[in-house]
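The structure appears right after this line, and notes come after that.
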Amino acid sequence: MIRTCEVGLPLPLRTTFTYRIPDALDEATVTGARVLVPFRNRAMLGIVLGRGESQDGDGLKEINEIVDPVPALSPQLVELGRWISSYYLSPVGETFRAMLPPAVEVRFTRQWQISEAGQARLQQLRELATPTAAESADYAVLQLCATKGGVASDRLIRKLPGSSTAGARLLRKTELILRETGQHRALRAQKTITWRNQAVPAQSRPAEQRIQRALAENPGPATLAYVLQKAGVSRGVIQRLVKEGKLEVGTAPLNADDWRLGNDFPLTENSLNAEQAQVVERIAQSLQKGGFHPALLYGVTGSGKTEVYVRAIEATLALGRTALILVPEIALTLWLSRLCLARFGGAVAVLHSGLSDGERAREWWRIRHSEVRVVVGTRSAVFAPLDRIGLIVVDEEQESSYKQEETPRYNGRDVALMRAKIEGAVALLGSATPALETYQRAREGKYELLCLRSRVENRPMAAVQIVDLREDFRRTHNTAPISQNLREALACELAAGRQSILLINRRGYSWFALCRSCGASVLCENCSIALTYHKKRERLACHYCGFSRRVPRVCPKCNSEHIYFVGAGSEQVEEHLRTLFPQARIARLDRDSVRHKHSFAQVLGAFGAGKIDILVGTQMVAKGHDFHGVTLVGVISADAQLGFPDFRAAERTFQLLTQVAGRAGRGTLPGRVIVESHHPEHYAIQLAASQDYGSFFEKESHFRRLMRYPPFVALASILVRDTKLENAIRWSRLIGTFFEAQGQAEIRVLGPAAAPLARLKREYRFHFLLKSPRRASLNQLLNKCMSYCGQKEIPDRAVLIDVDPVNLL
């Protein structure tokens, strides 16, 4: 019998591949191991998903190499990956690619090999008296390959003039063969310094004494860069001491940039109130019992949910198990990671997309080698390779950022629940504004409901004032982005030396540019959406595809000079505040102002230390932060999301307003919130002002039940896309015909219809929406639809299936 293994490759294919296991790699080829395998004319990095045997292995290719001495994924993570692929209908290989660490250990190189046909062609070209330019280019490429023993690297080929066109031409004629190989890459290292003797003689030079003090302050080997900076010496001094035998030089892997500690947040250990102590005790009891136990921690803003998380982690570690904390934003990892480091020491790792590939890989392998007991991270950290997981915390579980918007389209919250089930762990979902689906499951008894109904130290909730912008305009005729009430409140807070936060959930300076003559707006070339104006860069930009252009002097449609900018974004609000309050210290927190990972720490650290008076930002400022000096929160354009064509628009508006209102009054001073709206009578705004989640849940649930939306049905969307409009229409009609022929009365199919964003990144888009009371029936129908698309030769990449969609645009 031939020993074989099933390998998942990072390809958009819904299948795995079988490879033969060579005798030399038999013992190391285990489930979860990363392997280098040949695929067509290239080498690929795959993951072993299982082993088997075959009687006939003649047509099977062999595994080339085992990449890691320890399997990258545990059996539990392999099981989780298979579940994700089945539930979200995503390609197996792409699912596991999302779960694996960056492949920094392997470098893929392309090589060009001359074939027999190429050798014959090279001989013909040598005999030509007056070759054309194309023939000369072909000759240069073939000759280079021949002189290099038949194989030349891609780097050398690209140096030749016209090699790109010549290479493509020779590949079509099979005169060249393109192959890709994988090679181990040496990991980046840094020099370390240690002192050979424990004591420095008193008569030693001052430079030697400074070096000794620097090394004494840093236990273990210190990096060369650290010693040079701390001791204030040159490399020449270090080299002299090495020659004298006083210093010893070594090497160590380049450490991750420990930016988590680059902030000035105060660390305090809080005592628990009666409600918190009761919740912690119930979580501890669930941990003691063992096994899967899902729970929802519903606590009003400022009720001390973070302290509950920390105490639950302490109870988990005391049982010899590990803990995972998920947060929705990179900025929130700053506070939580430092808090965990202070409480639990160095056995804490951080995982998120803001780290470089090398940094993520190092943190990932620290976790895999059991050097870490607590992991803090964003959505992708749900795949952290922790062993013996006892607790998984999902903070702000309602946030849409837990949903991955590219393949595999998983929801981090739901994957965390499934991982807790596989690992036999407690899953703790926390929020002041739980998703309706989560709260409904808690009411049905599927999750344990834990409540914190009052703020710590019985602090009062912030007083909320709703400003009707229609009435404000009638009274003041002011078109500024800030109402008179909010302007006066900010002046009062500044005079008292207190801090304020302003939320405007719009990036840029203005929403779009409009021609006052013909009414046309300046649209993106790739998407059916208006470009956003960014004044600092003096560009109009698309926030979907990244396209940008200069601001036109005249209308592209009618050549009018009357270009008008509509709406206010965070950049305009910041500029307006600097004009109103020139002495105030003002900062902005959005994707445009904090492009570097260090910027989060710098801005939030300065605000936490009281070095900033007013912080303006998008939803980054709304969640999870605990700033005791903030006494005023202003919400600009609070109803902006209510006009979105999405059944969750009211829920998202309520959640955002409630969350940002909770940033005020978290210290000893009472807080105040001013909400500006053109629709102050809307129930989402009214109930957010009163912080009444229960009433909002009842009212919104009534609409969802009537219209058959989650949590009362299972939902899926199918997006059909192509760069050619006729293809997108034809494929949409074919899929529509398939659904009509199924005749399943319990599953309601809406569409095909043009998507709200009818064109995105140069692709035309049509979508379907499927509703079913039974999730199993919906999954079965979607699998049939995928098979039908294959039969009709509809490309896999043209059809995107999103199970439990969060964004319907």
*Restricting region 300-315 to residues that are more than 20 Å from residue 633 (Cα to Cα) and of a type in the set (Gly, Ala, Ser), the residue that is most open to solvent (accessible area, probe 1.4 Å)*: 315
*Considering only region 507-529, state which residues are open to solvent by 30 Å² or more (accessible area, probe 1.4 Å) and either in a loop (DSSP other than H, G, I, E, B) or of a type in the set (A, V, I, L, M) (or both).*
507, 509, 511, 514, 516, 517, 518, 519, 523, 525, 528, 529
*Mind checking which residues of region 320-377 are of a type in the set (Gly, Ala, Ser), surrounded by fewer than 23 Cβ atoms within 10 Å (Cβ to Cβ) and within 25 Å of residue 76 (Cβ to Cβ)?*
320, 347, 353, 361, 370
*Condition test on residue 382, is it assigned to a strand (DSSP E or B), touching a residue at least 12 places away in the same chain (Cβ under 8 Å) and within 30 Å of residue 661 (Cβ to Cβ)?*
no
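Could you look through region 757-809, keep only residues that are among the charged types (D, E, K, R) and assigned to a loop (DSSP other than H, G, I, E, B), and pick out the one that is surrounded by the most Cβ atoms within 10 Å (Cβ to Cβ)?
Filtering region 757-809 for residues among the charged types (D, E, K, R) gives 759, 761-763, 765, 771, 774-775, 784, 792-793, 796-797, 802, 804.
Now drop any that are not assigned to a loop (DSSP other than H, G, I, E, B), which leaves 761-762, 774, 792-793, 804.
Details: 761: 16, 762: 14, 774: 12, 792: 13, 793: 7, 804: 18.
Top of the filtered list is 804.
Look through 635, 603 and report the one residue that is touching a residue at least 24 places away in the same chain (Cβ under 8 Å) and surrounded by 20 or more Cβ atoms within 10 Å (Cβ to Cβ). Show your work before the answer.
On the way: 603 fails: touching a residue at least 24 places away in the same chain (Cβ under 8 Å).
Being touching a residue at least 24 places away in the same chain (Cβ under 8 Å) and surrounded by 20 or more Cβ atoms within 10 Å (Cβ to Cβ) holds for just one of 635, 603, which is 635.
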*For region 584-596, state whether one or more residues are surrounded by 18 or more Cβ atoms within 10 Å (Cβ to Cβ) and assigned to a helix (DSSP H, G or I).*
no
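Of 199, 214, which residue is modelled with pLDDT under 80 and either touching a helix residue (DSSP H, G or I) at 6+ places or on another chain (Cβ under 6 Å) or open to solvent by 30 Å² or more (accessible area, probe 1.4 Å) (or both)? Let's see the steps before the verdict.
Values: 214 fails: modelled with pLDDT under 80.
Selected residue: 199, the only one of 199, 214 that is modelled with pLDDT under 80 and either touching a helix residue (DSSP H, G or I) at 6+ places or on another chain (Cβ under 6 Å) or open to solvent by 30 Å² or more (accessible area, probe 1.4 Å) (or both).
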*Name the helices (runs of 4 or more DSSP H) wholly inside region 44-136 in which the number of residues that are open to solvent by less than 70 Å² (accessible area, probe 1.4 Å) and farther than 26 Å from residue 178 by Cβ is 2 or more.*
75-87, 92-99
*asked:* Consider region 497-527. How many of its residues are in contact (Cβ under 8 Å) with a residue 24 or more places away in the chain and more than 32 Å from the chain's Cα centre (by Cα)?
replied: 7
_Index of the failed condition, residue 666 passing every other in (1) within 30 Å of the chain's Cα centre (by Cα); (2) outside any loop (DSSP other than H, G, I, E, B); (3) not β-branched (Val, Ile, Thr)_ = (2)
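Does residue 578 qualify as being out of contact with any strand residue (DSSP E or B) (no Cβ under 7 Å at 6 or more places or on another chain) and farther than 25 Å from residue 758 by Cβ? I'd like the intermediate steps shown before the answer.
Details: out of contact with any strand residue (DSSP E or B) (no Cβ under 7 Å at 6 or more places or on another chain): no; farther than 25 Å from residue 758 by Cβ: yes.
No, not satisfied.
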*Return a yes/no flag: does region 265-279 have any residue that is open to solvent by less than 10 Å² (accessible area, probe 1.4 Å), more than 28 Å from residue 100 (Cα to Cα) and in contact with a strand residue (DSSP E or B) (Cβ under 9 Å, 6 or more places away or on another chain).*
yes
*asked:* Report every pair of residues separated by at least 6 positions or lying on different chains whose Cβ atoms are under 9 Å apart, first residue within region 280-307 and at positive phi and modelled with pLDDT under 95, second crowded, with 20+ Cβ neighbours inside 10 Å and among the charged types (D, E, K, R).
replied: 302/455; 302/663; 302/666; 304/455
*asked:* Contact list please: Cβ distance under 9 Å, first residue in region 168-181 and closer than 14 Å to residue 135 by Cα, second residue modelled with pLDDT of 90 or more and β-branched (Val, Ile, Thr), pairs at least six apart or on different chains.
replied: 170/114; 170/141; 175/114
*Name the residues in region 434-465 that are touching a residue at least 40 places away in the same chain (Cβ under 8 Å), open to solvent by 40 Å² or more (accessible area, probe 1.4 Å), within 31 Å of the chain's Cα centre (by Cα) and more than 13 Å from residue 299 (Cβ to Cβ), would you?*
441, 446, 448
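The values are calculated or read from the model by the stated rules, or taken from the named source; none is laboratory data. These numbers were taken from a predicted model, which means no experiment stands behind them. Here Cβ is always computed from backbone atoms with ideal geometry, including for glycine, and neighbour counts include all displayed protein chains. Only protein heavy atoms, including side chains, enter the accessible area calculation; ligands, DNA and RNA are left aside. Shrake-Rupley method; radii C 1.70, N 1.55, O 1.52, S 1.80 Å.
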